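The values are calculated or read from the model by the stated rules, or taken from the named source; none is laboratory data. The structure presented is a predicted model; accordingly, all values stated were derived computationally and were not measured. Cβ sites come from the backbone with ideal geometry, for glycine too, and all protein chains shown count toward neighbours.
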Amino acid sequence: MLEVFGDKRAGRALDLLELLELAWHDCYAEITPPDDVIDDVLVLSRGGLGQLISAARLALSDWRDARVAADALRT
């Protein structure tokens, strides 16, 4: 997490990922999002907290859209 967000923002990013986990459980009745969904969210964030919020929301509404968007950034 430090590599993506740095020292000052890593704690806030972890808080947001915890919220994503809680929301994922409510939406999908799974304890946590799969690791590849978390990876997609981190890729989409590009190291910004605002982008992390948007990426988490996208993953919750449709993780497949998040996957396509993250794959486009990876290539």
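Things to note:
- Pair list, Cβ < 8 Å and 6+ apart or interchain, from segment 1-19 residues that are over 15 Å from ARG57 (Cβ atoms) to residues that are basic (Lys, Arg) and in a helix (DSSP H, G or I): PHE5/ARG12
- Evaluation of PHE5 against (1) in a helix (DSSP H, G or I); (2) surrounded by fewer than 15 Cβ atoms within 10 Å (Cβ to Cβ) (one fails), failing number: (2)
- Within segment 44-64, the presence of at least one residue that is more than 10 Å from the chain's Cα centre (by Cα), at negative phi and outside any helix (DSSP H, G or I) is confirmed.
- Odd one out for ASP40 among (1) modelled with pLDDT of 95 or more; (2) part of a helix (DSSP H, G or I); (3) among the acidic types (Asp, Glu); (4) surrounded by fewer than 15 Cβ atoms within 10 Å (Cβ to Cβ): (4)
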